[in-house]
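The values are calculated or read from the model by the stated rules, or taken from the named source; none is laboratory data. The shown structure was predicted, so the numbers you read here are calculated from the model rather than taken from an experiment. Counting neighbours? That spans all protein chains shown, and the Cβs are built from the backbone with ideal geometry, glycine included.
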Amino acid sequence: MPADKRVLLLDMRAVERGRLAASTSRLGYIAIFAEDVAAAQAIWAREAFSIMIVDLNAQLAQIAELRAQMPGSSIIVIGAHTLAAALAAWHAGADSYLPRPIRQNELATALEHVLHTRAGKLAEAWPERSALTEFHGMAAELAHQINTPLTPILGLADLLAEELPPNHPGRAYAQAITDAAIRIRDVTWMLADIAQQSG
């Protein structure tokens, strides 16, 4: 099984773990489980996985430890549906944030985002041998540089809009930010697709 198809669910409550496992399965991934960081490290030693989904209730300081001990694996944090929780996750080094309750379309978007970002990083490390390969590398770098700040912009604009009262004029601005960011995201995904065609 390719590493890109394995998703580690770390430190989850049993009910949520079951729902996430079912959702990841419907999206074409295989869910594997770890109760704590030590168990995740033991799994990593046997088989690599490209994505970890971590409960925000776990210590945020562990995100840096996970990143150091499992290089190349992206981290998606799940937590409360608040702006403060999302900011805490991003400041701790998460690649993406999913507020509860987790919707399947949001999970799919987060998984695609981290895989596209990972593909861009791998393309950066690949030796450049021709002008076409160089073009693919530039496309991957550009997609990565745009996508990295774009994901928090999308998440934070969404959370901001939900925290504003229904008739607040700021909701229209937040929606305009979201709409523009989605258009930019679609372009960056096209760039990432171009970069992946280098094989």
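When the residues of segment 9-36 are narrowed to those that are in contact (Cβ under 8 Å) with a residue 40 or more places away in the chain and among the hydroxyl-bearing types (Ser, Thr, Tyr), which ends up nearest to Met70 (Cα to Cα)? Residue satisfying both the conditions and the ranking: Tyr29. For segment 135-190, a residue qualifies if it is among the polar types (S, T, N, Q), over 22 Å from Ile102 (Cα atoms) and surrounded by fewer than 19 Cβ atoms within 10 Å (Cβ to Cβ), and the qualifying residues are Gln145, Asn167.
Of all the residues in segment 150-187, those that are charged (D, E, K, R) and under 17 Å from Gly79 (Cα atoms) number 3. Kindly indicate the residue of segment 1-26 that is loosely packed, with under 13 Cβ neighbours inside 10 Å and either not assigned by TED's automatic domain parsing to the domain that holds Ser73 or not basic (Lys, Arg) (or both) and also farthest from Gly72 (Cα to Cα) among those meeting that condition. Here the answer is Val15.
The residue list Ile75, Ile32 contains one member that is under 25 Å from Leu154 (Cβ atoms) and among the β-branched types (Val, Ile, Thr), which is Ile75.
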